[in-house]
Amino acid sequence: MKKHLILLITILLFSGCGSNTSIVNSWRDPDVTITQEHFKKVLVVALVKDEASRRITENRIATNNPIFKTSYQYLNASSNLTKEQKLKILQDENFDGVISMRLVSKEKETSYVPGTYTGMYYGGFDGLYSGMYGYGFGNWYGMYSPNFYDPGYYQETTSYMVETNVFSLKQNKLIWTGTTESQYVTDLGQTVDAIMQAVVKEMRKDGSLPPK
C-alpha cells in the first residue's frame, strides 16, 4: 500500500491546480492510519444526483491509482438494496476500503470590484495639471472618458464545500474525514484534482499518510 500511496501523492502534486481549494476541517481515527490498513482495492463513490458529474468525479479520482475503482461499475444496479446487501457485494468483490465525496453546500457571494483609471500623463499630478493647462472641457472630459477609465463591476463568486471520507471495510468504520472549500470553479475535473491534492496534504500533516 505504501508504494501505491507514494504513486498517488506524486501524481496529485503535479496535477497543477489547487490554489483555490483549501481544507476547512478534518478528523482522523486516532487508533488507525491509512497506511496501517494496507488497502488493496478501494471503491470511489461520488454522492451527487447528476450522473454525468458522478462519473466525471469518480473517473478523475480512479485514474490516479490502479487500486481505485468507480462505484458505477459495481453499484449502479443495486439502488434498491439495503446497506447490508451493498456491503456484502463489496466484500464479495474483495474491496477493503471506500473513498466517498459529497457536496455539503454551495454558496454564492457578490462583491464589487472598483473601477480603475488608466492612461494618466507622465509626471504624476504635476505633469497632469501642467499638461492640461488651457484645455477646455472637452479635453478634460476626455481624460476620464472610457478610453482612460475601466468601470467597476459586480463579481459573483461561488464556493463549494465538499466532504471527503475514507472508510475501512475490514473494520466497517470511518477512519478519516475532511471538508474542503473550492472557489472560482470552472472545471469539475480540475476541482476534483485540487480537492484530492488538499486531502493528501492534510493526511500527511495529521499522520494518516507517511511524511513527504
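The numbers here are math on the coordinates, done by the rules we state, and not lab data. As the structure is a prediction and not an experimental result, all values here were calculated from the model. Neighbour counts are summed over all protein chains in view; Cβ atoms, including those assigned to glycine, are modelled from backbone coordinates with ideal geometry.
Here are the numbers:
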quantity	calculated
Amide H contacts of K41 (H built 1.01 Å from N, under 5 Å, at least 5 apart or other chain)	D96, G97
Global form of the range 26-69, assessed from the alpha-carbon gyration tensor, a/c cut-off 1.5	oblate
Nitroxide proxy distance, nm - points 7 Å out along Cα→Cβ at K49 and D29	3.3
Total charge dipole magnitude, the range 57-99, about the Cα centre, Cβ charges on Lys, Arg, Asp, Glu only, Debye to nearest 20	120
Prolate/oblate/rounded label for the range 143-212 (Cα gyration tensor, a/c 1.5)	prolate
Proximal lysines relative to K86, as straight alpha-carbon distance under 30 Å, when same-chain residues fewer than 8 apart are discounted	K2, K3, K40, K41, K49, K69, K106, K170, K173
Exposure proxy order (Cβ contacts within 10 Å, fewest to most) of I195, I99	I99, I195
Sequence of Y74, Y184, Y154 once ranked by neighbouring C-beta atoms within 10 Å, starting from the fewest	Y154, Y184, Y74
